[in-house]
Amino acid sequence: MKNKYFESSSKELKNIYDLDIYQDILLGREDRVLLYADISDMTNLEFHVISGTLEIFGYENQPSILLSQLLDSIDYSCKYAEIGGKQEYFDYVSNELSDFRRINDITFPILINNNRVWIRLNSFPTKKNPSIVAIYMNDVTYDMNLIELNYEKAHKDSLTMLFNKYTLDHHYGLRYQRENFHAIYMDIDNLKKVNDIDGHATGNAFIKAFAELLREYETEYDRFYRIGGDEFVGMFFRPENEIKQMAEEILQRTKQIQVPRSKKTITVSIGITQATIKDDVIRKADDLLYKVKKSGKNAYAYEIET
C-alpha cells in the first residue's frame, strides 16, 4: 500500500496540470542522472544510464560509465584531499563508491578538461533483486564550492594560510606513528618589539613572509602550522640530517626577511624533538625552544626523545 496514491496523483497531474509523472516529476531534474548497475560481478563495474546525460558532469554523452573511470576523474586538488591526504581521500571515496550492499550517500569532486564538478552519488540495492543497484548522480557544484571554502577556513590560519592548531591536532592523531617523526616548535624572536614600535601591520607582514618561507619546505605530509601570534609548529617525517639542514636554512633565511616600513631584522628560535617514544612530542619540542630562548635566541636545539 506504500504506492496507493501513485495512480491518483498521476491522473491529477496529467489532467489538471498537463504533467507526466515520470518525465516531468520523477525524471525531470536536469542536474541529475539516474543509473543502474549489476553488482553480481564487480569486475569492471559499469553504471548504465536510465535517464539524463553524463554530459552535465563533463563526460561524453555515453550510455554508461565504468566505476574505474569515475575514480580516475577524482580531483585531488580539493581541500578535503589536501587536509586529509590524497591517498587517504582516494581510499575513502573508493571504499564508499564500491560498497553497494547498503544505502549509500557520498559527495566528491571530479576534474574533466580542467573543469571541476562536485557529484553527489546516492545508491541503494533494489529489494526485488539486490544485485541490481539504483544510482542517482546529482551536480551539487554550487553548494559544495561554498562548503569547501568554509571547510578550508576552519582548518587554516587566516593571515598566513598555513594550517592552524585545529588541523595540527587532527594530523597529529593521524600521523604521529609514521617513521622519522620530528616535532619542530618555532617562535619569532622579539616580534612584540616590532609590533610596539612599527605597528601590528608591520608585525603581520613579517609573520606572512616567514610563513611563505616555511611553505617552501612543505610536502603532502610535512607541514607547518601557525598555532599562535608568533608561534609555529612543524610535523615533519624526514631523517635527522635533513631536519637539521632545514633548521639551519630557516635560521639564515629568516634574518634576510625584509618588509616595507621597517629596517629591523627578525630571527627565530627553534626546538626540535625526534620522536621515538612518541609521548607528548610537541610539548617536548616547546621545552627545547624555551631553552634556546633563555640561552640567547636565534638558534635551534635538537634532541632525540627519551
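Bear in mind that the values in this text are calculations on the coordinates, not laboratory data. Because the structure is a prediction, the values reported are computed rather than measured. Virtual Cβ from ideal backbone geometry, glycine too; neighbours counted across all protein chains shown.
Provide, for q = 0.15, 0.17 Å⁻¹, the log10 of I(q)/I(0) from a solvent-free Debye sum over equal Cα point scatterers in segment 73-220. Cα-only, vacuum Debye calculation for segment 73-220: -0.95, -1.09. Counting only residues at least eight positions apart within a chain, or on another chain, the lysines with an alpha carbon under 26 Å from that of Lys291 are Lys165, Lys192, Lys193, Lys208, Lys244, Lys255, Lys264, Lys278. Look at Arg32, Arg102 and count the other Cβ atoms within 10 Å of each Cβ; fewest to most, that gives Arg102, Arg32. From helices alone, the chain scores -11500 deg cm²/dmol at 222 nm; the rule is -39500 (n - 2.57) for each run of n ≥ 4 DSSP H residues, then divide by the residue total.
The stretch between Glu231 and Thr276, if pulled fully straight at 0.36 nm per residue, gains 13.8 nm over its current Cα-Cα span. If you run the Gaussian network model on the chain, springs between alpha carbon atoms under 10 Å, then out of Thr167, Thr273, Thr219 the most flexible one is Thr219.
Out of segment 200-237, which GluC sites (Glu not before Pro) are coil in DSSP terms and have no more than 11 other C-beta atoms within 10 Å? Answer in residue order: Glu216, Glu220. In summary, the convex hull built on the alpha carbon positions of segment 156-304 has an orientation-averaged projected area of 8.2 nm². Three principal axis extents describe the C-alpha atoms of segment 31-150; from largest down they are 42, 28, 23 Å.
The phi torsions of segment 107-112, fed into the Karplus equation with coefficients 6.51, -1.76 and 1.60 and a -60° offset, translate into couplings of 10, 7, x, 10, 10, 10 Hz, rounded to whole numbers, with Gly and Pro shown as x. For Phe163, Phe181, the sequence from fewest to most other C-beta atoms within 10 Å is Phe181, Phe163. When each of the peptides 35-48, 76-89 is scored by how many other beta carbons lie within 10 Å of its residues on average, the order from highest to lowest is 76-89, 35-48.
If you plug the beta carbon distance of Ile132 and Tyr172 into 1/(1 + (r/R0)^6) with R0 = 41 Å, you get a FRET efficiency near 0.40. A crude spin-label estimate for the pair Asp24 and Ile197, with each label 7 Å from Cα along the Cβ direction, gives 7.7 nm.
Counted by neighbouring Cβ atoms within 10 Å, the residues Thr126, Thr254 run from fewest to most as Thr126, Thr254. Neighbours of Gln274 by Cβ distance under 9 Å: Lys/Arg scored +1, Asp/Glu scored -1, total -3.
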